[in-house]
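I have placed the structure first, in the form of structure tokens, so that the comments after it can refer back to it.
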């Protein structure tokens with residue numbers, strides 16, 4: 001079942017409609033673009049944790065730092081693994097980041113939100129952002145003869 005995520009599966013066979021690929025890449029980018037709306041969460045999180053704006057804003061900072069680090073460090077893995085596996089891992093980490101953050105909010109532990117949204121979600125962001133260019137190269141690759 002997981003073999004369908006392998007890089008070899010990204011080479012389109014005869015008759016494959018390559019126009020399915022850009023919407024998938026766009027969907028990933030639309031999902032992970034949510035991070036830029038983080039300011040919507042600032043005030044409610046400040047109230048929930050009785051924390052300063054700085055303490056809550058660190059969550060966003062961690063996620064953006066992890067975005068850059070994961071993209072830089074895991075870029076070679078992305079090229080070896082291909083866009084399907086990368087998008088699946090990115091989605092799993094992004095969702096896991098939200099779930100861990102929800103646990104942190106429910107328990108009143110800000111550090112868990114740092115870990116969830118910041119670290120896990122940030123790594124998912126980085127992988128999601130670099131999966132689209134890999135996806136585009138797979139889209140442009142000619143079908144095997």
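The values are calculated or read from the model by the stated rules, or taken from the named source; none is laboratory data. Source: prediction; values computed, not measured. Cβ coordinates were reconstructed from backbone atoms using ideal geometry, including for glycine residues, and neighbour counts include every protein chain displayed.
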When only residues in the stretch 40-58 that are under 21 Å from the mean Cα position of the chain (by Cα) and closer than 14 Å to residue 111 by Cβ count, which is surrounded by the most Cβ atoms within 10 Å (Cβ to Cβ)?
56
Note on the stretch 69-96: residues buried (at least 20 other Cβ atoms within 10 Å of the Cβ) and over 14 Å from the mean Cα position of the chain (by Cα) are 81, 82
Selected residue [surrounded by fewer than 17 Cβ atoms within 10 Å (Cβ to Cβ), at pLDDT 95 or above and within 16 Å of the chain's Cα centre (by Cα)] from 103, 99, 115:
99
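Residues that are more than 20 Å from residue 116 (Cα to Cα): list the helices (runs of 4 or more DSSP H) wholly contained in the stretch 9-93 that include at least 1 such residues.
Values: elements: 21-32, 39-49, 53-81.
So the answer is 21-32, 53-81.
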Conditions (1) more than 16 Å from residue 90 (Cβ to Cβ); (2) loosely packed, with under 14 Cβ neighbours inside 10 Å; (3) at pLDDT below 95 -> residue 34 fails only (1)
Just a yes or no: is a residue in the stretch 60-68 over 18 Å from residue 131 (Cβ atoms) and either at pLDDT below 95 or buried (at least 17 other Cβ atoms within 10 Å of the Cβ) (or both)?
yes
